[in-house]
Every structure is written in structure tokens, then in C-alpha cells.
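The values are calculated or read from the model by the stated rules, or taken from the named source; none is laboratory data. All figures in this text were calculated on a predicted structure; none of them were measured in a lab. Cβ: placed from backbone, ideal geometry, glycine included. Neighbour counts: every protein chain shown. Ligands, DNA and RNA are stripped out before the accessible areas are found, and what is left, the full protein with its side chains, is counted by its heavy atoms. Shrake-Rupley method; radii C 1.70, N 1.55, O 1.52, S 1.80 Å.
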Amino acid sequence: MPAPASAPNPRGAAIPTAFFDRDASTVARALIGTELRVDGVGGIIVETEAYDTTDPASHSFKGATPRNAAMFGPPGRAYVYRSYGIHWCLNFVCEGEGVGSAVLIRAIEPTIGIAEMARRRGMADARRLCSGPGRLCQALGIDGSVNHARIDRPPFDLFEAAHRQPIAAGPRIGITRGTDLPWRYSAKGSKFLSRPQ
DNA sequence: TTCTCGATTACCT
DNA sequence: GGTAATCGAGAAT
């Protein structure tokens with residue numbers, strides 16, 4: 001069938017699974033500025049954290065378990081876990097099958113489907129809609145049902161960054177071990193971070 | 001089988 | 001600045 005004559009895609013190209021065949025820190029940095037959608041709702045990733053099997057703060061540090069099985073599965077898939085019995089947290093698996101590294105998505109700048117996100121969150125403040133791993137999962141409707149799901153297939157859409165931008169790095173948040181590793185990355189100056197970098 | 005605590009958030013003083 | 005909410009993985013018993 002003929003391709004529709006449309007204007008150039010304002011987004012970048014769709015990101016392939018091979019994008020994730022690198023170490024978690026590299027992927028975490030590369031994800032800043034990309035556009036994530038879940039069922040057509042989402043925005044620009046502005047904050048990530050890297051975790052790998054050498055890292056005492058990582059769920060994969062002590063080896064594979066039923067809970068973290070997705071982390072040891074193929075790269076380019078989602079690892080979703082429940083935090084504090086209340087929240088869901090979204091990770092993208094990296095590096096290679098059996099390696100146990102992943103990137104935690106911590107914050108998104110909402111751009112698409114803001115009304116739907118506000119409805120799910122029960123509030124309208126754009127700055128707090130997706131500024132934290134638990135918050136963005138609630139806004140995007142993510143739960144354990146997408147654990148292991150491919151990121152290049154529905155309900156996910158992930159597009160390359162439209163523009164390059166400065167990236168800040170620093171220590172991660174909410175952990176008690178591995179606090180010396182500067183594996184938190186963020187879009188410099190973004191107003192949509194879970195905490196200022 | 002029981003206990004502890006977390007890659008968090010919202011609401012309290 | 002402090003803490004309740006809430007549940008399952010992993011450790012301890």
C-alpha cells in the first residue's frame with residue numbers, strides 16, 4: 001500500500017531492540033531526551049538510573065530470582081516490579097541475556113495525553129505528573145502485566161531524541177548501597193525531575 | 001513459618 | 001522534617 005504523503009516525522013525514528021545491547025550506564029545516558037509512550041500516552045524521558053550485577057544496590061546483585069527474572073532476560077524488554085507494596089517501577093533491560101543490567105526510568109516530561117495522565121494521577125500539576133518512578137507508572141498505566149514485554153512493540157513506543165541536550169550525572173536516589181556510583185542521569189535544568197540534580 | 005525492610009509517595013506537624 | 005500505607009522477596013528461625 002502506498003505510503004501517505006505526510007510531513008517529516010517531528011519525532012526521531014523508532015528505537016530498535018539493539019539500542020539496549022550496551023551497558024546500563026551508556027543506555028541510561030542515551031535514553032535522556034527520547035520519547036516514551038504507553039498506549040499513546042507519555043512524553044520525554046528526563047531522568048534515568050543505571051543498575052547492573054556488580055552493583056550492590058541492584059536487584060540483580062545476588063543473582064536471578066523469580067522477581068528479577070526479567071532483568072536476566074533479553075535486552076530491550078521491560079522489567080516492572082512493585083516497590084514498597086504500593087508503587088510500580090519501570091526498567092528497561094540492557095546489555096545481554098543473562099547479564100542482569102537495567103535502566104530505571106525515574107521521570108518523564110509529559111507531552112502527550114496529559115489529560116489522561118492527570119485523570120489517572122488524580123491531580124493536574126504537570127510538574128508532578130511523572131516526576132518519580134512510582135508516579136510515572138501510575139500516569140502511564142503501567143503495572144506488572146507488562147513485565148517482560150518488548151519495548152519495540154505495543155503498548156510501548158520509544159522514539160529517538162529530537163534534539164541533543166546537556167546531560168547531568170550524579171548519585172542515585174533512595175538506595176543505601178552503591179551510593180558512590182554516579183549512575184543517575186538527567187536532562188540538565190529540567191523542571192520535571194523527581195529531585196533537582 | 002515468621003520477620004524485616006525496600007530503586008516510593010502522600011500527607012502529617 | 002517525620003511517618004503511615006502495603007506486600008512480597010529474601011533472610012532468619
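Ranking A:130, A:166, A:31 by Cα position along the charge dipole of the stretch A:17-187, where only Lys, Arg, Asp and Glu carry charges on their C-beta atoms, puts A:130 farthest toward the positive end. Of the solvent-accessible surface of the stretch A:17-187, computed with a 1.4 Å probe and all protein chains present, 50% belongs to carbon and sulfur. For chain A, relative contact order (Cα pairs under 8 Å, six or more residues apart, normalised by length) works out to 28 percent. Counting Lys and Arg as +1 and Asp and Glu as -1 over every other residue whose Cβ lies under 13 Å from the Cβ of residue A:72, the net charge comes to 0.
With the Kirkwood sum run over all distinct C-alpha pairs, chain A has a hydrodynamic radius of 16.7 Å. Residues in the stretch A:17-187 average 44 Å² of solvent-accessible surface per residue, probe 1.4 Å, ligands and nucleic acids excluded.
If you take all other residues with their beta carbon under 14 Å from the beta carbon of residue A:96, and give Lys and Arg +1 and Asp and Glu -1, the sum is -3. Summary of packing: across the peptides A:127-136, A:102-111, the per-residue average of other C-beta atoms within 10 Å ranks them, highest first, as A:102-111, A:127-136. Placing A:39, A:157 in order of accessible area, with the largest value first and a 1.4 Å probe, yields A:39, A:157. Rounded to the nearest whole Hz, the Karplus-based 3J(HN,Hα) values (6.51 cos²θ - 1.76 cosθ + 1.60, θ = phi - 60°) of the stretch A:118-129 follow the sequence 5, 5, 5, 7, x, 7, 10, 4, 4, 5, 10, 5, with x at glycine and proline. Computed over the Cα atoms of the stretch A:121-184, the ratio of the radius of gyration to the Kirkwood radius (Rg/Rh) comes to 1.02.
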